[in-house]
Amino acid sequence: MNVSYMNQRGGIPIYDREADIKSRMLYDILDKSGDYYVNRTEKAYRSRINVNFRIEGNRALEKKLITEAEKLKIINIAGHSTNPGIRISMYNAMPVAGVVQLCHFLEKFQKENPVAKSLNAKL
């Protein structure tokens, strides 16, 4: 993606607005998942670009999520060794439609892969 193309699309204002839209969509899915997907970052400090979360109820499902996401061309979402789990990067080249697809996938994955509620689910 080059600067000329970015300017033709509307420049910084359009990318700023899209970053808000994309991050709001993803955080809404995480926050409304009933602690299925857990993001421990305080809301005031959340990134609009990189979103980390875990499946606290069954961390083994994280590998399954990554594998199933790859089949849909949602790639490179494994967390870092120092911050494991899932890491979604939504830089400028990631279209809003891609985040919509991701959100649909996360909702479907949660429905198809339930975890037992536990008194110790919140670590």
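Values in this text are rule-based calculations from the coordinates and carry no lab data. What you are looking at is a predicted structure, and each value in this text was computed from that prediction instead of being measured.
Pairs to check: Lys22/Lys73; Lys43/Lys64; Lys71/Lys111. Give those whose C-alpha atoms are more than 25 Å from each other in this structure. Too far apart for the 25 Å limit: Lys43/Lys64. In sequence order, region 80-88 has phi-based couplings of 7, 4, 8, 9, x, x, 10, 10, 9 Hz under the Karplus curve 6.51 cos²θ - 1.76 cosθ + 1.60, θ = phi - 60°, and Gly or Pro positions carry x.
Each residue of region 26-38 was assigned a 3J(HN,Hα) from its phi angle through the Karplus curve 6.51 cos²θ - 1.76 cosθ + 1.60 (θ = phi - 60°); the sequence is 5, 4, 4, 4, 5, 5, 9, 7, x, 6, 5, 9, 10 Hz, with glycine and proline shown as x.
In region 1-90, Cα pairs under 8 Å separated by at least six residues give a relative contact order of 25 percent. Seen against the Cα atoms of the chain and their longest principal axis, helix 60-71 is set at about 40 degrees.
For Ala78, the residues 5 or more places off, or on other chains, whose built amide H falls under 5 Å of its own are Arg87. So what is the calculated 222 nm ellipticity per residue for the chain, using -39500 (n - 2.57) for each DSSP H run with n of 4 or more, over all residues, to the nearest 500 deg cm²/dmol? About -15000 deg cm²/dmol. Its relative contact order, with pairs defined as Cα atoms under 8 Å and 6+ residues apart, puts region 49-98 at 46 percent.
Helix 96-112 and the longest principal axis of the Cα set of the chain meet at an angle near 10°. The chain has equivalent-ellipsoid semi-axes of 28, 15, 13 Å, by the square roots of 5 times the alpha carbon gyration tensor eigenvalues, sorted largest first.
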